[in-house]
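Following: one structure in structure tokens, then a few remarks.
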Amino acid sequence: MGAIIAVIVIALVAALVVLTVPLVMLAQRREQRRLESLAAWAHSIGWTAYAGSVEVPWTARLPGANPRGVRCLFTGIYRDMPVSVAEYTYHTTQTTHVNGQTQVTTDSHDFVVCVVHLPYTYPGIEVSSRGSGSRMWRWLNGPDDTEIGIDQFDKDFHVRSTHPEMVRQIIGPALVRTHLAGLTPNWSLHGTDLLVYWQGRMEPARVLPALDSVVRIAGLLGH
């Protein structure tokens, strides 16, 4: 009886392998076609496509800070400004122990990144919408030293900077108004790289409107 069960188990494992390999190959071919389609789109608007892992300095400011996380990169000129658009990923692992056995699960986290490369260098600064925790922290501890001095903006947005004394010179009334009007996404700036990102895979229809918002921020810095 035991021998029969062993044979059945081996047969099931073999069948699973036979089924899994083609599915993996199909997924790989689909991914390759998707990346080729993105590269063709980039070429159609005059951009340069870089396939595979590309190291760029601004991955340090992304979730996971994976220096080799850029899966594909496109560079070019948009509205007279040099830009980069990329797909970025990082992985997390979770270890669980079940019935004396260790199981390791790996999850991938995918993002789209849009960067406008500015002609001038800026100190590190980041603007993000406040969550409930940030609002409570502010209520308990008082204003941050990076606040703008416009009450509604300071309640709704959290500013981080390596040079707090320069925040009000960089984020002026015009940029504040676009944030309060909901026209500006969360962004970060360091050196010459002005960056926004969101979770997901790249969709060309979404990239150019996102770049419009980044270019809008660039034009309002200091105003």
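Observations, loosely collected:
- Ala181 vs. criteria out of contact with any strand residue (DSSP E or B) (no Cβ under 8 Å at 6 or more places or on another chain) and of a type in the set (Gly, Ala, Ser): yes
- Taken over the stretch 72-128, the criterion of being in a strand (DSSP E or B), more than 13 Å from the chain's Cα centre (by Cα) and among the small types (Gly, Ala, Ser) is satisfied by Gly76, Gly124, Ser128.
- The set of residues in the stretch 63-89 that are buried (at least 18 other Cβ atoms within 10 Å of the Cβ), out of contact with any Lys or Arg (no Cβ under 8 Å at 6 or more places or on another chain) and not basic (Lys, Arg) comprises Gly69, Val70, Cys72, Leu73, Phe74, Thr75, Tyr78, Val83, Ser84, Val85.
- Any hit, the stretch 90-103, residues being at pLDDT 90 or above, surrounded by 16 or more Cβ atoms within 10 Å (Cβ to Cβ), assigned by TED's automatic domain parsing to the domain that holds Leu208 and of a type in the set (Ser, Thr, Tyr): yes
- Taken over the stretch 174-195, residues that are within 16 Å of Asp154 (Cα to Cα) and in contact (Cβ under 8 Å) with a residue 12 or more places away in the chain amount to 10.
- Looking only at the stretch 190-208, and only at residues there that are among the hydrophobic types (A, V, I, L, M, F, W, C) and either more than 18 Å from Ile125 (Cα to Cα) or touching a Pro at 6+ places or on another chain (Cβ under 8 Å) (or both), the one that is surrounded by the fewest Cβ atoms within 10 Å (Cβ to Cβ): Ala205
The values are calculated or read from the model by the stated rules, or taken from the named source; none is laboratory data. What you are looking at is a predicted structure, and each value in this text was computed from that prediction instead of being measured. A quick note on method: Cβ atoms are made from the backbone with ideal geometry, for glycine too, and the neighbour counts reach across all protein chains shown.
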